[in-house]
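Colleague: Structure in structure tokens, see below.
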Amino acid sequence: MRRIAAPALIFAAIALVPLLPLGGERGLVLLLIARAMVFGLAALSLDVLLGLGGMVSFGHAAYLAIGAYAVAILDANNISEALIVVPIAMLASAAFATATGAVALRTRGVNFIMITLAFAQMLFFALGSLSSYGGDDGYTLYDRTELLGRPVLKGLGHYYVCLGFLVLAYVFCRVLAASRFGRVLRAARQNEERVESLGYRVLAYRLAAMAIGAALCGLAGVLLVNGAEFASPSYGTWQRSGELLVMVILGGAGSLHGALLGAGAVVLLEEGLGRLTEHWRLIFGPLLVLSVLYFRGGLAGICPTWIKRVRK
Amino acid sequence: MALFLVQALNGLQLGLLLFLIAAGLTLIFGVMDFINLAHGVQYMIGAYFGVMFAGLTGNFWAGLVLACLAAGALGLGLERLLFRHLYRRSHLEQVLATFGVILTLTEAARTIWGPAPLQLKMPEILDGSFQLMDGLRYPVYRLFLIVASLAVAGLLAWAVNRTRAGMLIRAGASNAAMVEALGVDIGRLFALVFGIGAMLAGFAGVLAAPLVAVEPSMGDNLLILAFVVIVVGGIGSIRGAFVAALLIGLVDTLGRLLVSDLARAALGASGAARLGPAVASMLIYLLMALVLAIRPAGLFPSPGART
């Protein structure tokens, strides 16, 4: 029960924020939370690979970019219907993950990190060459994605659609983690040979996990581009992939809600420290280092420790 | 033909520069099993040190020596204060912590030296060009860069293969625990490897400084290229890093030439202008994916390396 209570509380709090009397800062606060939710979804999808499957993907931002460009390319062809755009974005991401994953999963450890990076870099340069969609400069959407002709992604709609997808994705990932599929993945992370010898094809499970994570991240890309009304290759830079990794690790890899906490912390810290000083990275960088040295297990790991201390 | 020759020399020069950075990275990874994302930042700081010390002393060579020493000292300081506590942690935690170091040092450089790119003036004796062949001149400084990098690479090869410390480093790269069990002070060995790596990266930074804009983000892309080099070469292998660095340098520069020619032949001028640069930028990553798909441990996997 407690394991459901914490995330449920977070989601309820996010749902209630627009009802608060926020005054002049209202628009900014809602935009910021929506951004945190989108990156929360992306980080969650990375945690499926990293936490469940033990696969450190350094190219996860590629799927954000694929989702974003699916919206942009369809938009340029006058298609902005969510029932078409969203499945295509998710399928395209999953297809890219399956094709590259089949090669990448031949390698282990740091080589896997680097080969996923290599594929993401290839995609990054390929997107920059799409001159009919703006090339390096990016592409501005004519219109946001609509559902059956209704502009559901405008204003507060975007906020609640983000929240809805985030909750759905979170529940889906929890179910996935608890299922036989999730248990096989976690077992393979600990001892691949043993799971193989039990008759499971570990490679197929990992590939499926990559495709699922990629599809969810493609969805995050759709939401991201709809918030910005702008798609550019910079969504897929390796720095962005690194940032997603930071969110997951900072939150605590493998716990799923940790990824959400990590994404929220990074987005809010960036904004908060950015207001404090233009050199906010001088504070943020050491914070990251200290969090590794002293908070093992990430944000998701600290909260239970505090609860235990208070109970004593 | 002349263009080809110039590009081949440029590729050689890029490859050697990459080797200087990748050599430290591959040693640090091979011996300490430590992913140091901050290695590119050490190259950037080296370039800034070069600008600063050359400005203070008014002499390029004094600046070069002082910058190398300072870069090595900075590396040793980081190792003692922080990295040493991360060796036994998971790769993920190392990635997070060193990412934090990247953010901190990049921003520190931006705060201290400003966001605008700086320029390091090359020494007058190397400023100019010489006749390579008929109607073809090549800058002296680039040739100096090639010679200096080759000399340092040779020195490194000698040190690693012929000296006692080098023997311990090689032993550490194949089995650090065994070296420790044999009574070697592993902490000092690690510090030595780190200091050498930091100095090489700093040296590369100063050498590159007169040719590129010295700016806080100059290390970012080189870090990725250096990682490509060590993964293609096989982690922990100096020889692999050398071969892979030259390969990557040549493929990147000559590939750009070749791809744009091929694209022009196949697609016409407008298509080539569109597709050429993208395909050319992709080449090294294609090469890396190809190498890893065929040889998952790289070209020269070091025996007993933990990948």
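Bear in mind these aren't lab numbers, they're just calculated from the coordinates by the rules spelled out. This structure is a prediction, so every number in the text was calculated from the model and none was measured. Neighbour counts are summed over all protein chains in view; Cβ atoms, including those assigned to glycine, are modelled from backbone coordinates with ideal geometry.
Colleague: Run the numbers on chain B and let me know its relative contact order in percent, using alpha-carbon pairs under 8 Å that are six or more apart.
Modeller: On the way: 468 pairs, mean separation 106.3, N = 307.
Normalised by residue count, the contact order of chain B is 35 percent.
Colleague: Could you tell me the relative contact order of segment A:1-137? Use alpha-carbon pairs under 8 Å, at least six residues apart, and round to a whole percent.
Modeller: Computed value for segment A:1-137: 22 percent relative contact order.
Colleague: Reported to two decimal places, what Rg/Rh ratio describes chain A when computed on Cα atoms with Rh from the Kirkwood expression?
Modeller: 0.96
Colleague: How large is the helix-only mean residue ellipticity at 222 nm for the protein assembly as shown, computed as the sum of -39500 (n - 2.57) over DSSP H runs with n ≥ 4, divided by its residue count, in deg cm²/dmol to the nearest 500?
Modeller: The helix contribution divided over the protein assembly as shown gives -25500 deg cm²/dmol.
Colleague: Could you run the Debye sum over the Cα atoms of segment B:2-216, one equal point scatterer each and no solvent, and tell me log10 of I(q)/I(0) at q = 0.12, 0.14, 0.15, 0.18 Å⁻¹, two decimals?
Modeller: Per q value, in the given order, log10 I(q)/I(0) is -0.67, -0.88, -0.99, -1.28.
Colleague: Can you give me the long-range amide H partners of A:Phe230? Hydrogens built in the peptide plane at 1.01 Å from N, cutoff under 5 Å, separation of 5 or more residues or another chain.
Modeller: A:Leu141
Colleague: For A:Thr277 and B:Asp220, what is the calculated FRET efficiency with R₀ set at 25 Å and r taken between the beta-carbons, to the nearest 0.05?
Modeller: Efficiency for this residue pair is about 0.65.
Colleague: Taking the Cα-to-Cβ direction at A:Ala102 and at A:Glu229 and moving 7 Å from each Cα, how far apart do the two end points lie in nm?
Modeller: 4.1 nm
Colleague: Quote the charge dipole size of the protein assembly as shown about the Cα centre in Debye, to the nearest 20; the model charges only the Cβ of Lys and Arg (+1) and of Asp and Glu (-1).
Modeller: Computed about the Cα centre, the dipole is about 2040 debye.
Colleague: Please express the Cα-Cα pair-distance distribution P(r) of the protein assembly as shown as a list of whole percents, one per 20 Å bin, running from 0 to the bin with the greatest distance.
Modeller: Whole-percent P(r) values from 0 Å outward: 18, 52, 27, 3, 0.
Colleague: Quick one: if you stick a label point 7 Å off each Cα along the C-beta vector at B:Ala266 and A:Leu198, how many nm between them?
Modeller: Taking the two extended label points, one gets 4.7 nm.
Colleague: Partner chain Cβ atoms within 10 Å, averaged over the residues of A:123-131 - can you pull that number for me? All intermediate terms of the calculation are to be shown ahead of the outcome.
Modeller: Working: counts 2, 4, 8, 5, 1, 3, 9, 2, 5.
What the average comes to for A:123-131 is 4.
Colleague: Which residue, B:Thr98, A:Leu256, A:Leu198, has the largest displacement toward the positive end of the dipole of the protein assembly as shown when charges sit on each Cβ (Lys, Arg +1; Asp, Glu -1)?
Modeller: Highest projection toward the positive end goes to A:Leu198.
Colleague: Between A:Ala6 and A:Lys154, what length comes free when the chain is fully extended (0.36 nm per residue of separation minus the Cα-Cα distance, one decimal in nm)?
Modeller: The span from A:Ala6 to A:Lys154 would gain 50.4 nm if fully extended.
Colleague: Would you mind checking which residues have amide H under 5 Å from B:Ser129's amide H? H placed 1.01 Å from N; only 5 or more apart, or other chain.
Modeller: Result for B:Ser129 returns B:Val140.
Colleague: Please average, across the residues of B:100-109, the number of beta carbons from any other chain that are within 10 Å of each residue's own beta carbon, and give a whole number.
Modeller: 6
Colleague: 7 Å from Cα along Cα→Cβ at both B:Asp185 and B:Trp61: what's the point-to-point distance in nm?
Modeller: Inter-label distance under the simple model: 3.4 nm.
Colleague: Follow-up question, since we're still on this one. Hey, what did segment A:157-312 get for relative contact order, percent, Cα under 8 Å, at least 6 apart?
Modeller: Computed value for segment A:157-312: 17 percent relative contact order.
Colleague: A follow-up question, please. Any idea what the dipole of chain A comes to, in debye rounded to 20, about its Cα centre with Lys/Arg Cβ at +1 and Asp/Glu Cβ at -1?
Modeller: Charge dipole of chain A: 1620 debye, to the nearest 20.
Colleague: Okay, next question. Projected onto the charge dipole of chain A (+1 at Lys/Arg Cβ, -1 at Asp/Glu Cβ, origin at the Cα centre), which of A:Ala42, A:Pro18, A:Val184 gives the Cα projection farthest towards the positive end?
Modeller: Selected residue: A:Val184.
Colleague: Classify segment A:173-312 from the C-alpha gyration tensor, please: rounded if a/c falls under 1.5, else prolate or oblate depending on whether a/b exceeds b/c.
Modeller: Oblate, since a/c reaches 1.5 and b/c is not below a/b.
Colleague: Quick one: Cα centre-to-centre distance for segment B:185-207 and segment A:88-119, in angstrom?
Modeller: Here the two parts' Cα centres lie 33 Å apart.
Colleague: Using the Cα centre as the reference, give the magnitude of the dipole from point charges on the C-beta atoms of chain B (Lys, Arg: +1; Asp, Glu: -1; all else neutral), rounded to the nearest 20 debye.
Modeller: With only Lys, Arg, Asp and Glu charged at Cβ, the dipole is about 440 debye.
Colleague: Checking the a/c ratio against 1.5 first, then a/b against b/c, what shape does the Cα gyration tensor give for segment A:81-209?
Modeller: Values: a/c = 3.06, a/b = 1.47, b/c = 2.09.
Oblate shape, in that a/c is at least 1.5 and b/c is the bigger or equal ratio.
Colleague: Next question. Rank B:Leu66, B:Leu136, B:Leu247 by mean-square fluctuation in a GNM of chain B with C-alpha springs under 10 angstrom and give only the top-ranked residue.
Modeller: B:Leu136
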